[in-house]
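Chemist: The structure under discussion is supplied below as structure tokens; questions concerning it will follow.
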Amino acid sequence: MNSKRQIRFRLNGEDTEVAFAPHKTLLEVLREDLNLTGTKHGCELGECGTCAVLVDGRSILSCLMLGLEAEGREVKTIEGMANGSQLHPLQQTFADLGAAQCGYCSPGFLLVAEELLQKSPNPTRAEIQEALSGNLCRCTGYIKIYEAVELAAAQMRGEAYELPKESIYGLD
Amino acid sequence: MAKDLNVVGKPFRKVDARAKCVGQTKFADDIVLPRMLFCKLLRSHVPHALIKNIDVSKALALPGVLAIITGKDLPIPYGILPVSQDEHALCIDKVRFVGDPVAAVAAIDEDVAFDAMNLIEVEYEPLNTISSIEEAVLIDEPRIHEYGDSGNIHKKVSLEFGNVEDGFAEADLVREDVFFYEGNTHLPMEQHAAVAHFDADQKITLWTSTQTPHYVHRALAKVLEMPASHIRVIATPNGGGFGGKSDPFNHEVAVCKLALITGRPVKITLTREEVFYCHRGRHPVLMKVKTGVKNDGAITAMHFQSFLDGGAYGSYGVASTFYTGALQTVTYEVPRYKFQGLRAFTNKPPCGPKRGHGTPQPRYALEVHLDKIAEQLRLDPVEIRRKHLVPPNSVTANYLRIGSMGLGACIDKVVEGSDWKNRFSGWHPANRKLPFGKGIGIACSSYICGAGLPIYWNNMPQSGVQLRLDRQGGVCVMCGSIDIGQGSDSVLAYIVAEILGIDPFDIRVVTADTDLTPVDLGSYSSRVTLMTGNAAIQAADRARELLVMAVAEKLGVPIENLSLAERRVFDVENPEVGVSFAEATVLAESKFGTIGTVGSYTPPQSPGKYKGSGVGPSPAYSYSAAVAEVDVNPDTGIVVVERVWIAHDVGRSINPLLVMGQVEGSVYMALGEILMEEMTYRTNRNVVHKFPSMLEYKSPTTMEMCDVKTYLIEDPDPNGPYGAKEVGQGPLLPVPPAVANAVYNAVGVRIDEVPITPEKVLRALKDKARGRSPRYGPEDVPSVAWPDSLRVLTPAEGGDGTEMPRVAVHS
């Protein structure tokens, strides 16, 4: 067995040290060595987007990155997305609009959406689709996710935005 | 006096939604226990073979390996259906598909378990394989199983309601078509996972990602030979199910056994590849449908044949087989109906229930067939459907009792919304209004709201709910149902909150724990909202009664004057006279003692009494209609579904936002099935899955998902809670045939085989250009000796739902 290696990095805004077997992926280190099980896995082969986290503000698939590569970097997981007990607007709208059904893919979608809104505060529907195209969701058909991103984006811009009635009740 | 509803019908968020958005929800793989071991299953790499020997000595010698078990350690068979107890946790003397487990390792970590798994030596003696329905029909030996109707035929059924030949004789047109619907899989984002813990008091607890904790509980008691009272199954929130987590699975049994042996907790999490082998997904079905119609499109008789490729085990397959023939009669009137179904065993991962269980395949066949009939009769495809709907409150030829029936309204909505009349302009190509390559198509469907009968025969309720009210106003609702993302926990909270006049977020919901919650049979067959909803109403009404009795006495107000709303119990005639909900619980507990109530639900008895009548009856039927708009590129064959208009008769929305989510999710999953998803195998002797990975098994991303225009039709059904019917599965059904019909409208070729891939479209277009049949699909079905039909007089013929005495002579 390989002996453990230790790294230091910023994790959800806190300085963190962790030791782990050097072959472990960032996904495994987060879940198994740091007990941050909010980051999920769907394939562990870089196919589904479920394990996405933000590294230095960019979304990456944590199943494809070695834990060692996190040395000295800034990593954000779903556990670090809320500001204390105050949910991030995206977390709020995902919950309120039913963008999380089973919720298993939600952490990955939320972090990728956060990255999008950092870069593009007023994205078009097509931009949202493209930004989220690496994340699979089997429950929602993506539509409630788009709507949640749009609503959160408007809130973050300080604009009033009301969800169309047809998104909640269907068309008349 | 109808009370205004405060919770039901409102778009509350789900009671568990925030936990899911902050990473707090504990899925099965998130559970970590001290001293926990990790389990790996060694799976067969050959499709069909006798096991001659298994040598685990090298693996056992590996440091860190605590235990290894093989088939002989778990000799008792199990299976979801009482008639198909054909699975072993680990194969004993034979493997039946690539992926069939033969040994299980428990080790200190996953890496050691993996290394140990690779040190196990298995000696196989290969057997010839059965890779298709056609082979199973032709080749009796070797048999994949020693049971079943014959050779490699698991099940053959033949039912006839009325005399279909009489019906065909009355018809102006009799048409026959053949279709094939390829198998596909659930692909839940969460891989199956389970953790078992055996405690010092000889009780075992299994946390598992299952849709059916009660059935897992039963299977464990049987296989482990332990009293059920010593086994606790806790279903963890499912990261997607879609039917794929509805069977008791090998890995669930294996980790329990390893926990018993080692005395330590044992976890397993399947790899994505293994999830493909667990499968239990959509059966590939070959179908032949023959229908007699009058010139106005009225059906005089229908004969439907289906051939299911069941894979290597029974699973839900007998039920799936009947479902391929059950619901043809609940949309359009079919006065005489004959169904013949056959399920084959093949050396592939077992098929089972996927969203719509056994009905998307025949619905696709029926709706495309009807489109072809409409063309032949020069009828509008809307009219041929709209004019011949099954009436509400009626009984079909195969004895399914229809309650509310909102299909007419569904059709009207999608026809209007899609501007059908200005875009579909008859069947003659010269009249077309849309440019070549653009097309629209329509289809309709229906689905059950729970099965009328439980999987194992019993007289007990299908769903139970228990409520506990504490003296500070706390309400805990307990139910065996499991939330797989559809929102079943929330439905319980909404209904109890409605009746008790409190906020849904005031309620603690405890579900899917066999130690703590009354039995609910599970999240399958779209049963949960209707059945747990009715049980919750009963439990909450009983609690409400205790509260109002106590409050009435205290306030000196007649019981019937009291209303529960806004966390108060008050006099409706004098609203300021009242007490808080918390005070009401104190009054009730003071008067009656500890407040706990129960409710349960048993579906009404079905009018069908014949053998085979157990599949199809339901307390209510949901209805859907869809129009699809497609763009077909004639040079590449690529079909882009641009928009789907869908209307769904949900009876009543307990929460419209969640209903919308189920409709949109169903359209999405249907889109995957019709355009790209397929479980395909190399068909040489090594029947191996071509691409057990998420990259190669294509499913729709955001870039393929279409625009969806949804209409919710609310035609309350007397059997549903507040009139509610199902929505989780039904809206998937009309979409595949609507797309197929739209492809024909766009480019004039019929793709009678799902999925509609570019290759098939191009092939059909080439054939059309060469003057051949503009169609891609199977030509015929295998010739099979069917058993004598079980004959049942229809209700219209004065039948009583029982079968007629068998006659010796048959045609």
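The values are calculated or read from the model by the stated rules, or taken from the named source; none is laboratory data. What you see is a predicted model, and the numbers here were worked out from it, not measured in a lab. All Cβ positions, glycine included, derive from the backbone under ideal geometry; neighbour counts span all protein chains shown.
Chemist: I'd like to verify a number: residues in the range B:413-431 that are without any contact (Cβ under 8 Å) to a residue 12 or more places away in the chain and either charged (D, E, K, R) or closer than 25 Å to B:P718 by Cα (or both), how many? So that I can check it myself, show each step before the final result.
Modeler: Taking the range B:413-431 and keeping what is without any contact (Cβ under 8 Å) to a residue 12 or more places away in the chain, we get B:416, B:419, B:421-422, B:425, B:428, B:430-431.
Now narrow it down to the ones that are either charged (D, E, K, R) or closer than 25 Å to B:P718 by Cα (or both): B:416, B:419, B:421.
Qualifying residue count for the region: 3.
Chemist: Another question, then. Being within 14 Å of another protein chain (Cβ to nearest Cβ), out of contact with any helix residue (DSSP H, G or I) (no Cβ under 8 Å at 6 or more places or on another chain) and charged (D, E, K, R) is the filter here, so list the residues in the range B:243-273 that pass it.
Modeler: Scanning the range B:243-273 gives B:K245, B:R272, B:E273.
Chemist: Same structure, new question: Could you identify the single residue in B:Y711, B:Y681 that is within 14 Å of chain A (Cβ to nearest Cβ), aromatic (F, W, Y) and within 22 Å of B:P360 (Cβ to Cβ)?
Modeler: Details: B:Y681 fails: within 14 Å of chain A (Cβ to nearest Cβ).
None of the other options fit; the residue is B:Y711.
Chemist: Just need a number here: residues in the range B:471-526 that are among the small types (G, A, S), under 23 Å from A:G98 (Cβ atoms) and in a loop (DSSP other than H, G, I, E, B).
Modeler: Just the residues of the range B:471-526 that are among the small types (G, A, S), to begin with: B:473-474, B:480-481, B:485, B:487-488, B:490, B:493, B:497, B:501, B:512, B:522-523, B:525-526.
Applying the additional criterion that residues be under 23 Å from A:G98 (Cβ atoms) yields B:481, B:485, B:487-488, B:490, B:493, B:497, B:512, B:522-523, B:525-526.
Now narrow it down to the ones that are in a loop (DSSP other than H, G, I, E, B): B:481, B:485, B:487, B:512, B:522-523, B:525-526.
Count: 8.
Chemist: Can you go through B:G612, B:G637 and tell me which one is touching an Asp or Glu at 6+ places or on another chain (Cβ under 7 Å), on the phi > 0 side of the Ramachandran plot and either free of Cβ contacts under 8 Å to residues at least 12 places away in the same chain or of a type outside the set (K, R) (or both)?
Modeler: The match here is B:G637.
Chemist: Further question: So B:V65 clears everything in (1) touching a helix residue (DSSP H, G or I) at 6+ places or on another chain (Cβ under 7 Å); (2) touching a residue at least 60 places away in the same chain (Cβ under 8 Å) except one condition, right? Which one?
Modeler: B:V65 satisfies all of (1) touching a helix residue (DSSP H, G or I) at 6+ places or on another chain (Cβ under 7 Å); (2) touching a residue at least 60 places away in the same chain (Cβ under 8 Å) except (2).
Chemist: Let me ask something else. As an exercise: evaluate B:F436 against (1) over 27 Å from B:R355 (Cβ atoms); (2) in contact with a Pro (Cβ under 9 Å, 6 or more places away or on another chain); (3) crowded, with 22+ Cβ neighbours inside 10 Å; (4) not basic (K, R) and give the number of the one condition it does not meet.
Modeler: Exception for B:F436: condition (3).
Chemist: Any residue that is within 9 Å of chain B (Cβ to nearest Cβ), under 21 Å from A:L136 (Cα atoms), in contact (Cβ under 8 Å) with a residue 60 or more places away in the chain and surrounded by fewer than 23 Cβ atoms within 10 Å (Cβ to Cβ) - is there at least one of those in the range A:72-84?
Modeler: Looking for residues that are within 9 Å of chain B (Cβ to nearest Cβ), under 21 Å from A:L136 (Cα atoms), in contact (Cβ under 8 Å) with a residue 60 or more places away in the chain and surrounded by fewer than 23 Cβ atoms within 10 Å (Cβ to Cβ), one finds at least one in the range A:72-84, hence yes.
Chemist: Further question on the same structure: Which condition breaks for A:S133 when tested against (1) among the polar types (S, T, N, Q); (2) assigned to a helix (DSSP H, G or I); (3) facing chain B (nearest Cβ under 10 Å)?
Modeler: For A:S133, the failing item is (2).
Chemist: Among the residues of the range B:732-741, which ones are more than 12 Å from the chain's Cα centre (by Cα) and either among the charged types (D, E, K, R) or assigned to a helix (DSSP H, G or I) (or both)?
Modeler: Kept after step one, since they are more than 12 Å from the chain's Cα centre (by Cα), are these residues of the range B:732-741: B:734-741.
Matches in the range B:732-741: B:V735, B:P736, B:P737, B:A738, B:V739, B:A740, B:N741.
Chemist: Residues that are in the same structural domain as B:A49 (by TED's automatic domain parsing) and under 26 Å from the mean Cα position of the chain (by Cα), at least 3 per element: which strands (runs of 3 or more DSSP E) completely within the range B:127-213 meet that?
Modeler: Passing ranges, in order: B:193-198, B:204-208.
Chemist: Same structure again: Step by step: first the residues of the range B:4-49, then only those that are crowded, with 21+ Cβ neighbours inside 10 Å and among the polar types (S, T, N, Q), then the one that is nearest to the other protein chains (Cβ to nearest Cβ). Which residue is that?
Modeler: Selected residue: B:T25.
Residue-by-condition table, conditions (1) assigned to a helix (DSSP H, G or I); (2) within 8 Å of chain B (Cβ to nearest Cβ); (3) in contact with a helix residue (DSSP H, G or I) (Cβ under 6 Å, 6 or more places away or on another chain):
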| position | (1), (2), (3) |
| --- | --- |
| A:Y104 | no, yes, no |
| A:G108 | yes, no, no |
| A:L117 | yes, no, yes |
| A:C139 | no, yes, yes |
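Chemist: Pull out all pairs, ordered by first then second residue, where Cβ-Cβ is under 7 Å, the residues are six or more apart or on different chains, the first lies in the range A:143-172 and is more than 14 Å from chain B (Cβ to nearest Cβ), and the second is among the aromatic types (F, W, Y).
Modeler: A:A154/A:Y161; A:Q155/A:Y161
Chemist: Quick check: is even one residue across the range B:318-328 assigned to a strand (DSSP E or B) and within 30 Å of B:G151 (Cβ to Cβ)? Can you show your working first?
Modeler: Here is the first cut: in the range B:318-328, the ones assigned to a strand (DSSP E or B) are none.
No, the range B:318-328 has no match at all.
Chemist: On the given criteria, is B:V586 part of a helix (DSSP H, G or I) and of a type in the set (A, V, I, L, M)?
Modeler: Answer is yes for this residue.
Chemist: State which residue pairs qualify: first residue without any contact (Cβ under 8 Å) to a residue 12 or more places away in the chain and within 16 Å of B:N184 (Cβ to Cβ) and inside the range B:240-258, second residue among the charged types (D, E, K, R) and in a loop (DSSP other than H, G, I, E, B) in any location, beta carbons under 7 Å apart, and separation of 6 or more residues or different chains.
Modeler: none
Chemist: So which residues in the range B:264-304 are closer than 18 Å to B:K698 by Cα and of a type in the set (D, E)?
Modeler: B:E273, B:E274
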